[in-house]
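Take a look at the structure below.
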Amino acid sequence: MLADQGSTADADRIGAPRVPTARRAALPLAMLLALLLAAAPAWAESRGERMNAGDKALRGLANILTGVMAFPGEIYQKWNADGPGMGLTAGVAMGASMIVARELLGVFELVSSPAPWPKKDFSPILEPPYTWNYFQD
């Protein structure tokens, strides 16, 4: 009798549909968010308008999610501008500090996105405004 119950439980478990886990549900959401963040700068430039609160909020979210990309970005910029020695010394130091700066600024821009502050036109505080702009020549 115990063998029958065990085999029935195994059959139910094998044939039952799988319930999506939080990780499976989060992947499509993360992909959609990445697509929106990647398209945001091009969309803002194509409008030919001044920046608005939505641009500031997206820029803040992008800096929160991709702030760690400032590390290789600063190395890349210093390396190309001043050579490998500066890239491996000053670039590393600037990159490490810019991770913290971008993360904190991202939180600030996201929270303060409804207000055109500290600049009156929602323009970015840091240059480049997005971490992937480090790698564009």
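The values are calculated or read from the model by the stated rules, or taken from the named source; none is laboratory data. Note that the structure is predicted; figures quoted are calculated from it, not measured. Quick reminder, even Gly has a Cβ in these numbers, built from the backbone with ideal geometry, and neighbours come from all protein chains shown.
A compact table of results
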quantity: Filter result for ASP55 (more than 17 Å from LEU33 (Cβ to Cβ) and either under 20 Å from the mean Cα position of the chain (by Cα) or not hydrophobic (A, V, I, L, M, F, W, C) (or both)); calculated: no
quantity: Total residues in segment 78-137, condition part of a helix (DSSP H, G or I) and among the small types (Gly, Ala, Ser); calculated: 11
quantity: For PHE122: the one exception among (1) more than 13 Å from GLY60 (Cβ to Cβ); (2) touching a residue at least 60 places away in the same chain (Cβ under 8 Å); (3) crowded, with 16+ Cβ neighbours inside 10 Å; (4) over 15 Å from the mean Cα position of the chain (by Cα); calculated: (1)
quantity: Condition check for ALA96: touching a helix residue (DSSP H, G or I) at 6+ places or on another chain (Cβ under 9 Å), more than 24 Å from LEU61 (Cα to Cα) and modelled with pLDDT of 95 or more; calculated: no
